[in-house]
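One structure below.
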Amino acid sequence: MRCLPASCLALSLIAACQSAPARFHPLPLEERFPVSYEGRIAPLADADRKSVAEPAVALPVPGASVVFRSTIVELPLAEARALAPELLAPVPTSSGLQMQGGHVDAAFLRSTLRRLANSGCLRAEPFTIARIGTSSTISLCAQTAYVSAFKIAGTLWSKVMDPEVEVFQYGTTLTFTPQRDGDALTVSIDWLKSDPVRPITLARTDSVALQVPVFTRERLSASTRLGEHDALVVGVLQGREPDTVMMLCVETDVVSPQVAAAQLPELERPQR
């Protein structure tokens, strides 16, 4: 299946560096870590086709774990640039675009996110727990039905349309993998965001159009060390509105098996 590189996505991120100053002071990012970006425009793949009834997701087994409290905000390019200029200064490399995330004081980050939420910028607050040495994935996705095929039966004077309806899924998926590296604790973060762009019409009748959905797919990948209590500004992806970006921030806590077990019921609540 042919995929087209979404150079326009990369150029939009680079163009953000030219935005005007905004009202926010920069977040005091401390230890930096590399963040890899890739984006493309692609038609629907088999992996995106979902059944209407999804199997239940198994909860992680209680153990020495890391709690991940994520916040995704959508804000204008100028404000994002004022908050974290490093996130909007991608450097082209042989393997794609690379930016820099960073650790930040948790209290300062929480105060900034509260101000953004009060300004209507909050988009999601995903929560998950990952046992050290395993991965935990959380998806905030929507499903949309489309006509993938149709049969025409009947005679010259009377025709019957029999459409085949499938479902595709799009949205945000976060995967966290905490691991021990000697005496240190590290985490790998993967942020995948897919949004439908436009359908391609393959065939049309008087009453039905056969279409293939087309998506933008963007992914950020990062790896860094973790403290017992930490806060990270990971990176930005394209926003839903023109001239905006989505920013991912994560607060983490290393917890005992007992605390992890007590927080498992929170995973069963609807995420937003």
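Values in this text are rule-based calculations from the coordinates and carry no lab data. None of these values were measured; they are calculated from a predicted model. Positions of Cβ are generated from backbone atoms using ideal geometry, with glycine treated the same way; all protein chains shown enter the neighbour counts.
Projecting label points 7 angstrom from Cα along Cα→Cβ for Ser188 and Ser95 puts them 1.1 nm apart.
Placing R0 at 30 angstrom, the Cβ-Cβ distance between Val147 and Asp243 gives a FRET efficiency of 0.35 after rounding to 0.05.
Size descriptors for segment 102-154: radius of gyration and Dmax over Cα atoms are 20.8, 69 Å. Between Gln211, Thr244, Val254, the Cα set farthest toward the positive side of the dipole of segment 209-265 (charges on each charged residue's Cβ, about the Cα centre) is that of Gln211.
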